[in-house]
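The values are calculated or read from the model by the stated rules, or taken from the named source; none is laboratory data. Just so you know, these numbers come straight off a predicted model, no measurement behind them. Cβ placement follows ideal geometry from the backbone for every residue including glycine, while neighbour counts extend to all protein chains displayed. The protein model used for the area step is the full one, side chains on, heavy atoms only, and it has no ligands, DNA or RNA in it. Shrake-Rupley method; radii C 1.70, N 1.55, O 1.52, S 1.80 Å.
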Amino acid sequence: MRTCRKQKLGLALSSGGVLGYAHIGVLRALEDLHVEIDLFSGASMGALVAVFNAAGLDSAALETLSVKYSPQVAMLLASVVSVGGLTTPRRLRAALRKELPVTVFEALQKPVCIAATDVQTGRALVFDSGEIWGPLSGSFCFPGVFPVAKFGDQYLLDGGMSLPVPVTELRKRGATNVIAVSLYDPLQEQEYKPSLNIPKLLERSLNLMLKNIAQPELERADLVIQPDLKGCEPSDVHEYVVRGYDAAMSRKAEIEALLA
């Protein structure tokens, strides 16, 4: 499909917890359309998908990996605050680290930049060289679930808190066209009612916050793909993948026009 190699296509994958399984479906659609991604960016779950894909795992391998760890992920993200001393988050981090076939950004097959948040200042920190795991573990460090990640003299939290979909960073790195995948849509969640329980209200509030933070970056993308994830269950990885695939395929004509 690529007709002009002077073009560089960037793919920005947003944060979103288990919703990030939909990114795999978007990647599968791009594979089926023979669209070549030149460089990636991501935050939180989007960073995980971007790094593992750029390390050589295609959509099928990513779905298999996600299914393997989905029970642990669903359990962790279902609780608002993890129990003190709980070892499962650390074990999950360690297990994912072993699954990653490379240790430094330079060994990836495609350039990737990922966002994390400085716990002291709240500033977005973007990493694209050197050791991968420190910044990556910080990028998906959801507060109250995973322990704060220490990398050098920096303490890192989830990238979604400061730069949930890094579009501008792809432009800085030479992307002439950028496709962004956004997982933030409060209208897909349960309608607000005064009787809404606290966990659901917190979930909705987080979604609203991320949507507002992400909006300036999304406006800088050439195309935004937003899967409809309403009704998906956290443990049903395949359904998320299918929704992401369908969302990307529904924009096939726009993707082709973007790369013409």
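Taken over the stretch 44-73, the criterion of being at pLDDT 95 or above and among the charged types (D, E, K, R) is satisfied by Asp58, Glu63.
Among the residues examined, Gln154 does not qualify as more than 13 Å from Ala47 (Cα to Cα) and open to solvent by 60 Å² or more (accessible area, probe 1.4 Å). Against the list (1) at pLDDT 95 or above; (2) surrounded by fewer than 13 Cβ atoms within 10 Å (Cβ to Cβ); (3) in contact with a helix residue (DSSP H, G or I) (Cβ under 9 Å, 6 or more places away or on another chain), the condition Ala95 fails is (1). Do we find a residue being more than 30 Å from Glu36 (Cα to Cα), open to solvent by 70 Å² or more (accessible area, probe 1.4 Å) and at pLDDT 95 or above anywhere in the stretch 123-130? Looking for residues that are more than 30 Å from Glu36 (Cα to Cα), open to solvent by 70 Å² or more (accessible area, probe 1.4 Å) and at pLDDT 95 or above, one finds at least one in the stretch 123-130, hence yes. So, Ser14, is that one of a type in the set (Ser, Thr, Tyr), in contact with a Cys (Cβ under 8 Å, 6 or more places away or on another chain) and at pLDDT 95 or above or not? No, not satisfied. If you scan the stretch 157-167, which residues turn out to be assigned to a loop (DSSP other than H, G, I, E, B), surrounded by 24 or more Cβ atoms within 10 Å (Cβ to Cβ) and among the small types (Gly, Ala, Ser)? Within the stretch 157-167, none qualify. Here Tyr245 clears all of (1) modelled with pLDDT of 95 or more; (2) within 25 Å of Asp158 (Cα to Cα); (3) buried (at least 20 other Cβ atoms within 10 Å of the Cβ) except the condition numbered (2). If a residue has to be open to solvent by 20 Å² or more (accessible area, probe 1.4 Å) and part of a loop (DSSP other than H, G, I, E, B) to count, how many in the stretch 34-57 make the cut? Here the count works out to 5.
Of all residue pairs spaced 6 or more apart or on separate chains, those with beta-carbon atoms under 7 Å, a first member in the stretch 59-75 that is open to solvent by less than 50 Å² (accessible area, probe 1.4 Å) and a second member that is not in a helix (DSSP H, G or I) are Leu65/Leu57; Ser70/Ser235; Ala74/Pro234; Ala74/Ser235.
Residues in the stretch 233-242 that are open to solvent by 20 Å² or more (accessible area, probe 1.4 Å) and out of contact with any Pro (no Cβ under 8 Å at 6 or more places or on another chain): Glu233, Pro234, Asp236, His238, Glu239, Val242. Summed over the stretch 96-155, residues that are under 23 Å from Lys172 (Cβ atoms), part of a loop (DSSP other than H, G, I, E, B) and among the small types (Gly, Ala, Ser) total 4. For Gly144, the conditions (1) open to solvent by 50 Å² or more (accessible area, probe 1.4 Å); (2) modelled with pLDDT under 90 are fulfilled apart from (1).
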